[in-house]
1. Those residues that are in a helix (DSSP H, G or I) and in contact with a strand residue (DSSP E or B) (Cβ under 7 Å, 6 or more places away or on another chain), I need them from the stretch 30-45; list them, please.
2. Look through F164, F191, F160 and report the one residue that is within 14 Å of the chain's Cα centre (by Cα) and modelled with pLDDT under 95.
3. How many residues, within the stretch 1-29, are open to solvent by 10 Å² or more (accessible area, probe 1.4 Å) and in a loop (DSSP other than H, G, I, E, B)?
4. Go through L83, L32 for me and flag whichever is of a type in the set (A, V, I, L, M, F, W, C), crowded, with 22+ Cβ neighbours inside 10 Å, farther than 30 Å from G263 by Cβ and over 17 Å from the mean Cα position of the chain (by Cα).
5. Given the structure, is Q169 surrounded by fewer than 18 Cβ atoms within 10 Å (Cβ to Cβ), touching a residue at least 12 places away in the same chain (Cβ under 8 Å) and in contact with a Leu (Cβ under 6 Å, 6 or more places away or on another chain)?
6. Taking the criterion of being hydroxyl-bearing (S, T, Y) and either in a strand (DSSP E or B) or open to solvent by less than 30 Å² (accessible area, probe 1.4 Å) (or both), would at least one residue in the stretch 159-166 satisfy it?
7. Evaluate the stretch 46-62: report whether one residue or more is outside any helix (DSSP H, G or I), charged (D, E, K, R), open to solvent by 20 Å² or more (accessible area, probe 1.4 Å) and in contact with a helix residue (DSSP H, G or I) (Cβ under 9 Å, 6 or more places away or on another chain).
8. Quick one: in the stretch 232-266, of everything that is assigned to a loop (DSSP other than H, G, I, E, B), small (G, A, S) and in contact (Cβ under 8 Å) with a residue 60 or more places away in the chain, which residue is surrounded by the fewest Cβ atoms within 10 Å (Cβ to Cβ)?
Amino acid sequence: MNDAKPLALVTGASSGIGLELAVLLAERGHDLVVNAEDDTRLRRAAERVRAAGATVATVRADLRDPAGTEALYAAVLATGRPLDVAVLNAGVGRGGAFVETDLADELEVIDLNVRSTVHLAKLVVRDMAIRDEGRVLVTSSVASMMPGSFQAVYNASKSFLQSFVQALQNELKDTGVTLTSLMPGPTETDFFHRADMDDTRIGRQDKDDPAQVARQGIDALFAGKDKLVAGSARTKAQGLAGKVLPDGLKGELHRKMAEPGSGEQA
């Protein structure tokens, strides 16, 4: 790696928003350490990031396992370079009625979305605070603003991330470290398929472009913004509605979008 270039880390970088974020960081002059669980897709993603001008190190690690998180950060330290940007993007969802879904699946959502983000942030932010510089982007969701009927654990995990990021922003307000929460809406990735939500209204609706979401997120990161609802005008309107609608109504609206079979009724 070229020591003269700043270094960025992106988790969940094999596809979707994570891959687009990595490409944009490469275009801004960063070298990259990219992580995902799927080795084949990660290697393909790394080729695209390299084509954008970056030197790229790939780290295949399952962040649901604490050992995977430690291995990823060890790879960052092995570069011998300070981390300028950390994008904590890895996440997963699970649809369905809470009383019917498997506990193991719900705990995987918590392990990846919550535990691994806190674990990696502890490592990343401590080092940035010592240096008094660095930028962190955490991928939350517009779903963090509403009760997630038929996505109960997923929405709750994103609400946790919102609170977590806001708390760190306050703790670090007098330092050179910034944290930004990226809040996409439904985006054209394999998220809903992996979450077993292909038969839902939200799974079947038109979705935002991940490249658009990523570009807005990177702009917000380098502008030092606290948070951003990213994506289309429809998603931004959803974010505004989330600020004013009562929780009961938001839960009912979410139910109509996420209830199994709702896509067949649309």
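1. Of the residues in the stretch 30-45, the ones in a helix (DSSP H, G or I) are 39-45.
Answer for the stretch 30-45, where residues must be in a helix (DSSP H, G or I) and in contact with a strand residue (DSSP E or B) (Cβ under 7 Å, 6 or more places away or on another chain): D39, L42, R43, A45.
2. Numbers: F164 fails: modelled with pLDDT under 95; F160 fails: modelled with pLDDT under 95.
Within the list F164, F191, F160, the selection yields F191.
3. Total satisfying the criteria: 11.
4. On the way: L32 fails: over 17 Å from the mean Cα position of the chain (by Cα).
Matching residue, one of L83, L32: L83.
5. Numbers: surrounded by fewer than 18 Cβ atoms within 10 Å (Cβ to Cβ): yes; touching a residue at least 12 places away in the same chain (Cβ under 8 Å): yes; in contact with a Leu (Cβ under 6 Å, 6 or more places away or on another chain): yes.
Yes.
6. First, the residues of the stretch 159-166 that are hydroxyl-bearing (S, T, Y): 159, 163.
From the residues that got through so far, the ones that are either in a strand (DSSP E or B) or open to solvent by less than 30 Å² (accessible area, probe 1.4 Å) (or both) too are none.
Taking every residue of the stretch 159-166 in turn, none turns out to be hydroxyl-bearing (S, T, Y) and either in a strand (DSSP E or B) or open to solvent by less than 30 Å² (accessible area, probe 1.4 Å) (or both).
7. Going residue by residue through the stretch 46-62, those that are outside any helix (DSSP H, G or I) are 52-62.
With charged (D, E, K, R) added as a condition, the list becomes 60, 62.
When the remaining residues are screened for being open to solvent by 20 Å² or more (accessible area, probe 1.4 Å), the result is 60, 62.
Within this subset, residues satisfying the condition of being in contact with a helix residue (DSSP H, G or I) (Cβ under 9 Å, 6 or more places away or on another chain) are 60, 62.
Yes.
8. Within the stretch 232-266, the first condition is being assigned to a loop (DSSP other than H, G, I, E, B), and the residues that meet it are 232, 245-246, 259-261, 266.
Checking the rest, the ones that are also small (G, A, S) come to 232, 261, 266.
Filter once more, so that each one left must be in contact (Cβ under 8 Å) with a residue 60 or more places away in the chain: 261, 266.
Details: G261: 9, A266: 11.
Top of the filtered list is G261.
The values are calculated or read from the model by the stated rules, or taken from the named source; none is laboratory data. This is a predicted model, so every value here is computed, not measured. Neighbour counts run over all protein chains shown; Cβ positions are idealised from the backbone, glycine included. All accessible areas refer to the heavy atoms of the entire protein, side chains included, with ligands and DNA or RNA removed. Shrake-Rupley method; radii C 1.70, N 1.55, O 1.52, S 1.80 Å.
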